[in-house]
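A quick write-up on the structure given underneath.
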Amino acid sequence: MKDNKFAYGWVIKWILAAILIAAGVLLYFLAEKIVYLTTGIAIVLFSLLRIVPLMKTLKKEVLRTINLIEVIFDTIMGGLMIYVVFASGQADISDFWIKMYGFFLAVFFYARGLIYFISAHFFGEKTEGLKFWFHIACMTLGPAIFVLSLNGQQIVQTLGWLVIFIAIAGGLYLGYDGFGGFKKYREQSKRLNEEKNLNKPAPEKELPKPIQQEPEKEKEQPFVS
């Protein structure tokens with residue numbers, strides 16, 4: 001018997017879409033804290049999730065040491081960003097930490113690009129085109145963000161609008177993707193109902209009963225004497 005299971009992933013996608021869009025709207029009012037918190041969490045995750053793969057795949061001890069120092073520094077920096085958000089409580093983040101946000105981000109990108117090129121040039125670490133251009137972008141973003149960080153409010157507002165756009169665009173994409181999943185769900189439901197109707201035994205038709213003819217009465221013969 002065929003096992004028909006409906007995919008309800010579209011429900012989760014629609015819920016996540018609603019959360020993302022609501023978060024994007026909320027970002028407009030809480031841009032500073034949300035941007036600070038999102039960046040801090042992203043840096044911590046990026047740092048911690050790289051430790052084991054890096055230590056296992058880097059062959060030279062000096063490369064493992066350099067990358068481990070970068071990971072530790074980035075984790076501390078991201079953790080400090082998260083702490084600043086919660087330590088500020090109901091108050092706005094101070095101007096000092098707003099300016100420090102740009103410095104943190106500039107150091108993060110520039111250090112990542114610098115360590116990559118040191119590893120590739122001086123220690124012969126193999127690479128590919130995509131990684132090369134990505135780290136070129138990191139080396140470019142570092143100084144650019146540093147200049148923007150001189151006006152701390154500007155960098156936070158710029159990234160705030162970027163995060164708002166990503167949140168709303170991601171929510172709309174999930175909503176559209178969930179719509180496609182809902183269509184498949186309805187099509188599968190329709191096929192299942194059609195299969196049930198086809199497999200249902202048709203009612204047996206009763207054959208017409210033969211009409212019983214009454215025996216003809218024998219005609220009375222005239223009595224001849």
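Couple of notes before you dig in:
- Cα-projected label distance for R191 with T140, points at 7 Å along beta-carbon direction, nm: 4.7
- Under 14 Å, Cβ to Cβ, from R50 - net charge with Lys/Arg +1 and Asp/Glu -1: +2
- Remark: S47, S88 ranked as S88, S47, counting other beta-carbon atoms within 10 Å and listing the fewest first.
- Listed by Cβ neighbour count within 10 Å, with the fewest neighbours leading, K126, K13 appear as K126, K13.
- Cβ-based net charge around A137, under 14 Å, with every Lys or Arg adding one and every Asp or Glu removing one: +2
- Over the range 32-183 - Rg/Rh using Cα atoms and the Kirkwood inverse-distance radius: 1.04
- Sites L48 and K184, calculated FRET efficiency, Cβ-Cβ separation with R0 45 Å, nearest 0.05: 0.75
Just so you know, all these numbers are worked out from the coordinates, no wet-lab data involved. Remember, predicted model here, so these are calculated numbers, not experimental data. All Cβ positions, glycine included, derive from the backbone under ideal geometry; neighbour counts span all protein chains shown.
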